[in-house]
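The values are calculated or read from the model by the stated rules, or taken from the named source; none is laboratory data. Everything quoted here is computed from the prediction, not taken from an experiment. Here the Cβ is made from the backbone with ideal geometry for all residues, glycine too, and neighbour counts use every protein chain on show. All accessible areas refer to the heavy atoms of the entire protein, side chains included, with ligands and DNA or RNA removed. Shrake-Rupley method; radii C 1.70, N 1.55, O 1.52, S 1.80 Å.
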Amino acid sequence: MKVFKFGGASVKDAAGVRNLADIIQKQGKDIVVVVSAMGKTTNALEALVRAYVDKRPDDVKAQLASLKSYHTNIMDDLTGNYNQVHYTFAQLENYLKSPVSALYDEVYDQIVSVGELLSTQIIFAYLNKIGLSSRWLDSRQLVQTDATFREGRVDWELTSRQINSAVKKNGVNITQGFIGQTEDGRTTTLGREGSDYTAAIYAFCLNAESVTIWKDVPGVLNADPKWFDDTVLLERLTYQDAIELAYYGATVIHPKTIKPLQNKGIPLYVRSFLKPEAPGTVIGNYEQHLSIPSFIFKVNQVLISLHPNDFSFIAEDNLSRIFGMFAQAGVKINLMQNTAISFSVVVDNNPDRVPALLNLLKQDFRVTYNSDVELITIRYYDQGTIDRVMPNKKLLLEQKSRYTVQLVVKDLSN
C-alpha cells in the first residue's frame, strides 16, 4: 500500500485533475490518494466564514456563488455525474441559512472542510467516468480527533481501527486531507495545510510502503524559489533534518508530517506533478545530514516584547502565565528569547488571534511590538550565508545554536 497526496495547486483546474488521473494510472497501484481543496478554495471558504460570522448576507451570497462557479467550470470541462457535489453545496447553503450557533473555530471547521469534500467528489466522479475504478472514503468518519477545532488532536488507536476497516487494500482509495471528526460527529480540521499530515496518518495506520507528496516544485529545495534564484534540490534528507526544516517553516512539508513516518521507518518522497518521472527528494532513515545550508523565510511576522509592570523579573511564575495566555489565544510561537527583565517572541501575524493575545498580555505586562517583520532561519549556516540575506535588512533579534541561526529583521527597502 502506498499513499499519494495531491495539494490544491495540483488540482486547481480540469487539466490538473486529468494529470492526477494520469499519475495514478501510471504510478499508482493499491494506493490511498489524499487530496486538498482545489486551488485557492480554502482561502475563499475562510472569507465565507468571516462573512457568515459577521452577519453579512450579501457577502455570503457572493462568496458562495463564486465557489459554485469555480467548481462548476471544472466539472463542465471534465463532464461526469456530479450529484454528490451538488448535494454538498446544498448542505453548505442550508448551514449558512441557520444562525451562528457555535464559537468561531468550530464554525470555521464546519465550513472550510467543505473544500476537501468537493475536490475529492469531483475527482472520484471523473476517475470512474474514465474507467479507473476507485472508492471514495470520508476522512471525517475515519480520522478521529478531540474537539480542539482547527487543531484537532488525533486519537491514534481508534483512527487506526477505522482506517484499516475502511481502506480497500487492492485498488484506488480517494479521500480528503485536513479533516477529521469528534466523537459526537462534529467536523474538525488538523491545522492549516494539514493534508500532508493526513497522508502520514493513513500511512502510519496502514503500515504503508511509502508516502509521496506531489508538488509544483521538483522536490525539497534548500530555499524557496520566491526568494532565491539559485536554489539547490536536496535529493536526500534525514528525518531529523526534515523535521527541523518543517518546524522552522519550510512550506513544502507540514510540521506534523514527519514524526509518524519516522516512527515506522516509512520513506517520504516529494515529487513534481509537472514532471512525475523525476525522482524528487526522498526523506528517510539516513545518517548523512545536509551538506549545504538551507534558508527558510517567514514574512508577515510580529515581534512581541514583554516587560514586567513592577520590579519583578521574567521568572518561572511569569513564564507560566505568559505561556498560558498564548495557549488561551491559540497563538504558536515561532521564536522566543528571554532576559532577566524582558521576554520576546515572534509569531505569525494572524488577525483573528494576535489582537486578542495582545489584549491578554497587556493585563499583566508592558507590551511593545513590531509588526511586518521577517523571520529568517538558516540551517547549517556560516557567516557568508548570514551576510547573503542581510542586504537592506535591519537586525532586530538574533538567535544562534550549533547548526541553526534565526534572524528577526525589518526590510528597509519597503
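Tabulated data
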read-out: Dimensionless Rg over Rh [segment 83-205; C-alpha; Kirkwood]; value: 0.97
read-out: Net charge contributed by nearby residues that have their C-beta within less than 13 Å of residue 68 (K/R +1, D/E -1); value: -1
read-out: Cα-only Debye scattering, segment 151-247: base-10 log of I(q)/I(0) at q = 0.17, 0.19, 0.21, 0.25 Å⁻¹; value: -0.93, -1.07, -1.21, -1.46
read-out: Exposed-site-free run, longest, the chain (rule: GluC sites (Glu not before Pro); DSSP loop; at most 10 other C-beta within 10 Å); value: 1-276
read-out: Gain on full stretching of the segment that runs from residue 95 to residue 289 - 0.36 nm per residue minus C-alpha separation; value: 64.9 nm
read-out: If the convex hull is drawn through the Cα atoms of segment 80-153, its volume per residue in Å³; value: 87
read-out: Heavy-atom accessible area order for 108, 247, largest first, 1.4 Å probe; value: 247, 108
read-out: Expected 222 nm ellipticity per residue - DSSP helices of 4 or more, -39500 (n - 2.57), all of the chain, to 500; value: -12000 deg cm²/dmol
read-out: Whole-number D in µm²/s for the chain (Stokes-Einstein; Kirkwood sum over Cα pairs; 37 °C, 0.692 mPa s); value: 144
read-out: Where 204, 178, 313 fall by accessible area, highest first, once all protein chains stay in place (1.4 Å); value: 313, 204, 178
read-out: Separation between Cα centres of segment 159-220 and segment 339-402, rounded to whole Å; value: 33
read-out: Aspartates and glutamates whose Cα lies under 18 Å from that of residue 168, excluding same-chain neighbours fewer than 8 positions away; value: 30, 138, 209
read-out: Residue of 266, 23, 341 that the Gaussian network model of the chain assigns the largest fluctuation, springs spanning Cα pairs under 10 Å; value: 341
read-out: Listed residues 49, 220, 299, most fluctuating in the chain (Gaussian network, C-alpha, under 10 Å); value: 299
read-out: In Å², nearest 10: area of residue 371 left accessible to a 1.4 Å probe; value: 50
read-out: Residue among 372, 184, 30 with the largest mean-square fluctuation in a Gaussian network model of the chain, springs linking Cα atoms under 10 Å; value: 184
read-out: Computed Kirkwood radius, in angstrom, where 1/r is averaged over Cα pairs of segment 1-129; value: 15.4
